[in-house]
1. List the relative contact order of segment 60-154 as a percent without decimals, with contacts defined as Cα pairs under 8 Å and 6+ residues apart.
2. Can you give the Rg to Rh ratio of the chain, both from alpha-carbon atoms, with Rh computed by the Kirkwood formula?
3. Once whole DSSP H runs in the chain are found, which of them have Cα atoms spread over 27 Å or more along the helix axis and a mean Kyte-Doolittle score of at least -1.0?
4. With the crude spin-label approximation of a point 7 Å out along Cα→Cβ, what separation in nm comes out for Met21 versus Ile134?
5. How many lysine pairs are close in the chain, with Cα atoms under 24 Å apart and the two 8 or more places apart or on different chains?
6. Between Trp63 and Thr125, what is the label-point separation in nm under the 7 Å Cα-to-beta-carbon projection?
7. Extension gain Leu37-Lys96, at 0.36 nm per residue separation less the Cα-Cα distance, in nm?
8. When the helix-only estimate is applied to the chain (DSSP H runs of n ≥ 4, each -39,500 (n - 2.57), divided by the residue count), what is the mean residue ellipticity at 222 nm, nearest 500 deg cm²/dmol?
Amino acid sequence: MAENQEQFEQNKRERPLSLLMKVVITGFVGGVFWSLLGYLAYFFHFTEISPNMILIPWVAGDWKYGKLGNYIAIFLIGLLSILVALIYYAVLKRIKGMWAGVLYGFVLWLAVFYGLNPLFPNLETVARLERNTIITTLCLYILYGVFIGYSISFETQEMNRQTQSPEANK
C-alpha cells in the first residue's frame, strides 16, 4: 500500500530550487519591480528619469519614448538585474543584515549616475539633476539594493542551515 501512495502526485515532494536559480529569480523580479516603481515615480513627476533611459542611446524610433518603450526597458532592466544579483551573490552573499544591501544600492547609484553617465546622452550630470530626481532615484536604488542583498543573504543562510541540519535529509 505504501508503494502505491508514493506514486500519487500529492505525495511527491518537489525538488527545491537551487540557490543560484533563486538568485536569478530574485534579480529579475527585483529589477522589474523596482523599475516599475521608478516608472511610477516618473509618472508622478518625482523624477525626470524614466526606465526607457536605457533604450534611448541604442534604439531607433520614437516608440521608445512611449509606454511600450518603458515596458520593454523595464523588462531589459529585469534582465540586467540578474547580472547585478549574481555579482552580489559572488561577492557579498555571506553578509547578514541589510547594511550590505544599502551600501550595494548606493554603489549601484554611483556607478549609474557617475560612471555610466557618458553612455546615456539624455542623462544629465548629477549636478544638473533636480533635487527630487536625485533623492528619488537614490532611494529607489538603495531599496533595490536592500531587496537584492537581503533576499540573497537570507536564502544563503537558509540553504546553509538546511544543509547543516540533520532533519534536512529526511
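Bear in mind that the values in this text are calculations on the coordinates, not laboratory data. All of these numbers come straight from a predicted model, not from anything done at the bench. Note that each Cβ is placed from the backbone with ideal geometry, even for glycine, and that neighbours are counted across all protein chains shown.
1. Working: 69 pairs, mean separation 41.3, N = 95.
That works out to 43 percent.
2. Details: Rg = 20.1 Å, Rh = 17.9 Å.
Radius of gyration relative to Kirkwood radius: 1.12.
3. Numbers: long enough: 19-43 (35 Å, 1.68); 67-92 (35 Å, 2.03); 131-164 (49 Å, 0.14).
In the chain, the long hydrophobic H runs are 19-43, 67-92, 131-164.
4. Going from the Met21 label point to the Ile134 one covers 4.5 nm.
5. On the way: Lys12/Lys22; Lys12/Lys170; Lys22/Lys93; Lys22/Lys96; Lys22/Lys170.
Count of close lysine pairs: 5.
6. 3.6 nm
7. Details: separation 59, 0.36 × 59 = 21.24 nm, distance 2.60 nm.
Value of the extension gain: 18.6 nm.
8. Values: 5 runs with 101 residues, N = 170.
Taken over the chain, the calculation gives -20500 deg cm²/dmol.
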